[in-house]
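The values are calculated or read from the model by the stated rules, or taken from the named source; none is laboratory data. No experiment lies behind these values; they were computed from the predicted model shown. With ideal geometry, Cβ positions are generated from the backbone for all residues, glycine too; neighbour counts draw on all protein chains shown. Ligands, DNA and RNA are excluded from the accessible area calculation, which covers all protein heavy atoms including side chains. Shrake-Rupley method; radii C 1.70, N 1.55, O 1.52, S 1.80 Å.
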2 protein chains.
Amino acid sequence: MRKKYKNLIEDHILDYLPDIDHKSITLYESMKYSLTAGGKRIRPMLLLAAAEFTGCKIEEAIPYACAIEYIHTYSLIHDDLPAMDDDQLRRGQPTNHIIFGEAMAILAGDGLQSAAFEAMTKDLFLYFDNEDKLKKRIRAANEIIKGSGCRGIVAGQVADIESEDRACSGEMLDYIHLTKTAALIVAAVRAGAQLGGADAETLENLTIYAENLGLAFQIEDDILDVIGSEEEMGKKAGMDEAKKKSTYPALYGLEASQKKLMELTETAVDALASYYDNAEFFVKLAKDLATRGR
Amino acid sequence: MRKKYKNLIEDHILDYLPDIDHKSITLYESMKYSLTAGGKRIRPMLLLAAAEFTGCKIEEAIPYACAIEYIHTYSLIHDDLPAMDDDQLRRGQPTNHIIFGEAMAILAGDGLQSAAFEAMTKDLFLYFDNEDKLKKRIRAANEIIKGSGCRGIVAGQVADIESEDRACSGEMLDYIHLTKTAALIVAAVRAGAQLGGADAETLENLTIYAENLGLAFQIEDDILDVIGSEEEMGKKAGMDEAKKKSTYPALYGLEASQKKLMELTETAVDALASYYDNAEFFVKLAKDLATRGR
């Protein structure tokens with residue numbers, strides 16, 4: 001299933017970029033570069049899986065899957081900028097501003113955020129004669145917008161940057177992880193579930209799953225920064241410590257972080273226990289992610 | 001009328017920022033700073049006027065008026081960044097990154113773009129029981145998204161930056177003006193008209209008006225950069241020439257630029273001639289703008 005979802009995303013990832021005038025071709029090249037730089041596609045996979053899980057035709061969820069990957073990609077491009085995390089390498093390749101320059105990287109990020117919303121809005125017009133599906137899509141778009149905004153990834157990056165070089169409380173660290181990482185993963189799962197018209201209970205269970213998965217995902221990333229190799233991660237190891245980033249391993253130590261990772265994964269998996277084999281994709285994804293950080 | 005529209009915007013300009021956690025309070029302060037730094041509010045005024053002109057209750061257009069001002073403000077914050085135009089002064093006040101630093105200015109821009117879409121999406125939920133109004137609002141949101149994206153202001157800023165320090169053709173200059181400035185002015189007017197459910201002919205006439213007004217607006221700005229004072233503009237004069245920006249005065253000379261400004265204003269006004277006094281707001285706005293550059 002994971003292969004099916006991933007292939008769908010790879011096949012369609014450029015489909016929802018607006019037609020761009022040849023005079024702005026560098027903008028297109030810059031957006032395309034980062035969209036095809038080998039991301040794991042976790043968020044759009046989760047969106048497609050949640051849509052299918054709740055009864056939406058998978059083809060009808062693709063614009064939203066691409067939109068959430070556009071949002072994720074824009075946030076990475078901006079996070080990597082010299083004024084932010086100043087990263088030269090991402091997924092084993094030079095970051096966007098290293099190739100295209102800072103100005104174009106800022107604009108590629110801006111353009112991708114806008115392209116995400118355009119993909120979703122254009123999709124709404126296809127359902128003008130189907131009120132039920134139209135409303136489901138508006139709800140899905142709303143989930144993605146909430147996760148991408150000032151209570152989601154933007155808030156997370158603000159808190160992350162403001163916490164650099166200073167002592168960070170556990171509460172603040174949780175807030176950073178919830179906004180910077182978990183918010184968009186929750187948005188992906190909830191958007192998919194809204195497309196499928198999930199009932200309140202399923203939506204709630206999927207939300208618990210996604211929130212715990214998102215937190216686990218961030219802790220795993222921080223653990224890998226300590227114990228992983230550059231080859232494995234596609235970026236330099238030990239960067240969090242060098243930049244005095246607030247991380248779980250820095251605050252609680254490696255062992256406690258690995259324990260927390262296991263607990264979060266368990267809570268995530270438990271939230272979907274009542275769905276048995278139907279939730280297999282979600283369960284396997286959570287367990288596989290946890291294994292990387294062990 | 002202009003006063004009524006402007007007051008409405010000033011009264012509501014912060015209403016559609018998402019509730020932000022106190023941990024991200026600097027993000028809120030940074031967005032608020034640029035939103036209340038004394039903009040002329042041309043775009044949201046045009047949106048409100050077009051909405052009222054075509055029969056939409058003005059109160060119902062306010063979220064869209066604020067959304068387009070959020071988009072415009074985000075684009076100014078990003079345009080002013082050191083990697084872009086590197087401006088220290090805007091509307092007589094220090095630019096966002098001078099006060100809040102580069103990282104926060106990038107994030108404030110990102111957050112404002114997202115807040116604009118959130119304002120519009122949240123508004124859709126209010127009309128779930130009114131299919132006609134719901135569709136009008138989706139059309140309005142679509143106009144704003146088109147003007148703000150990769151065929152609108154983002155494309156314009158890309159072309160503008162790529163044209164610096166090199167000879168620029170008249171065709172390229174027109175493209176820059178159409179995307180960088182006219183696109184969002186067209187979007188404002190069309191979005192308002194979509195809210196009011198304008199017929200095809202009125203939509204077309206308003207579009208001609210807005211496109212010509214938008215081009216006139218940019219040429220007037222470029223003329224003021226040559227003949228205006230710092231006090232008048234709220235930013236340093238002569239900056240376009242210093243940065244070797246492609247402008248109308250640079251390419252065609254001052255006199256030809258002033259002639260072009262008059263022609264565009266006339267075409268804009270003519271497009272609305274058949275509406276007589278009902279279009280007074282639009283006609284007066286165009287004429288007043290043109291006078292500044294004479």
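Restricting attention to segment B:88-102, does a residue exist that is more than 10 Å from chain A (Cβ to nearest Cβ), open to solvent by less than 10 Å² (accessible area, probe 1.4 Å) and under 21 Å from A:LEU81 (Cβ atoms)? Checked against the condition, which is being more than 10 Å from chain A (Cβ to nearest Cβ), open to solvent by less than 10 Å² (accessible area, probe 1.4 Å) and under 21 Å from A:LEU81 (Cβ atoms), segment B:88-102 yields at least one hit. Working only within segment A:142-158, note down all residues that are open to solvent by 10 Å² or more (accessible area, probe 1.4 Å) and out of contact with any Leu (no Cβ under 7 Å at 6 or more places or on another chain). Matches in segment A:142-158: A:ASN142, A:GLU143, A:LYS146, A:ARG151.
Can you tell me which residues in segment A:161-171 are facing chain B (nearest Cβ under 10 Å) and buried (at least 18 other Cβ atoms within 10 Å of the Cβ)? Scanning segment A:161-171 gives A:ILE161, A:GLU162, A:SER163. Quick check on my filter: what residues within segment B:79-108 are under 21 Å from B:GLY238 (Cα atoms) and either charged (D, E, K, R) or in contact (Cβ under 8 Å) with a residue 60 or more places away in the chain (or both)? Listed by number, the residues that qualify are B:ASP79, B:ASP80, B:MET84, B:ASP85, B:ASP86, B:ASP87, B:LEU89, B:ARG90, B:ARG91, B:GLY92, B:GLN93.
Would you check if B:ARG190 is in contact with an Asp or Glu (Cβ under 8 Å, 6 or more places away or on another chain), among the charged types (D, E, K, R) and facing another protein chain (nearest Cβ under 7 Å)? No.
If you scan segment A:110-145, which residues turn out to be of a type outside the set (Val, Ile, Thr), under 21 Å from the mean Cα position of the chain (by Cα) and within 7 Å of chain B (Cβ to nearest Cβ)? Across segment A:110-145, the qualifying residues are A:ASP110, A:GLY111, A:GLN113, A:SER114, A:ALA115, A:PHE117, A:GLU118, A:ALA141, A:ASN142.
Quick one: is A:ALA67 under 13 Å from A:ALA115 (Cα atoms), touching a residue at least 40 places away in the same chain (Cβ under 8 Å) and open to solvent by less than 30 Å² (accessible area, probe 1.4 Å)? The answer is yes for A:ALA67.
Evaluating A:MET84 against the criteria (1) out of contact with any Ser or Thr (no Cβ under 9 Å at 6 or more places or on another chain); (2) buried (at least 21 other Cβ atoms within 10 Å of the Cβ); (3) at the interface with another protein chain (Cβ under 9 Å from one of its Cβ atoms) leaves one unmet condition, (2).
Just a yes or no: is a residue in segment B:162-175 in contact with an Asp or Glu (Cβ under 8 Å, 6 or more places away or on another chain) and in contact (Cβ under 8 Å) with a residue 40 or more places away in the chain? No, segment B:162-175 contains no residue that is in contact with an Asp or Glu (Cβ under 8 Å, 6 or more places away or on another chain) and in contact (Cβ under 8 Å) with a residue 40 or more places away in the chain.
If you check A:ILE9 against the conditions, is it open to solvent by 20 Å² or more (accessible area, probe 1.4 Å) and either within 15 Å of B:ALA155 (Cβ to Cβ) or among the hydrophobic types (A, V, I, L, M, F, W, C) (or both)? Spelling it out, it is not the case that A:ILE9 is open to solvent by 20 Å² or more (accessible area, probe 1.4 Å) and either within 15 Å of B:ALA155 (Cβ to Cβ) or among the hydrophobic types (A, V, I, L, M, F, W, C) (or both).
When B:ILE20, B:ILE25 are checked against the criterion of being facing chain A (nearest Cβ under 10 Å), at pLDDT below 95 and open to solvent by 40 Å² or more (accessible area, probe 1.4 Å), B:ILE25 stands alone in meeting it. Taking helices (runs of 4 or more DSSP H) as the structural unit, those lying wholly within segment A:199-294 and holding at least 2 residues that are within 19 Å of the chain's Cα centre (by Cα) and either loosely packed, with under 14 Cβ neighbours inside 10 Å or modelled with pLDDT of 85 or more (or both) correspond to A:200-227, A:254-271, A:280-292.
Within segment B:15-29, residues that are aliphatic (A, V, I, L, M) have Cβ atoms under 8 Å from residues that are surrounded by fewer than 17 Cβ atoms within 10 Å (Cβ to Cβ) in these pairs: B:LEU17/B:LYS32, counting only partners at least 6 apart in sequence or on another chain. When the residues of segment A:113-135 are filtered to those that are aliphatic (A, V, I, L, M) and without any contact (Cβ under 8 Å) to a residue 12 or more places away in the chain, the one that is surrounded by the fewest Cβ atoms within 10 Å (Cβ to Cβ) is A:LEU126.
When the residues of segment A:28-58 are filtered to those that are of a type in the set (Lys, Arg) and touching an Asp or Glu at 6+ places or on another chain (Cβ under 8 Å), which remaining residue is farthest from the other protein chains (Cβ to nearest Cβ)? Only one residue tops the list, namely A:ARG41. Among the residues of segment B:34-42, not a single one is buried (at least 16 other Cβ atoms within 10 Å of the Cβ), in contact with a Ser or Thr (Cβ under 9 Å, 6 or more places away or on another chain) and of a type in the set (Val, Ile, Thr).
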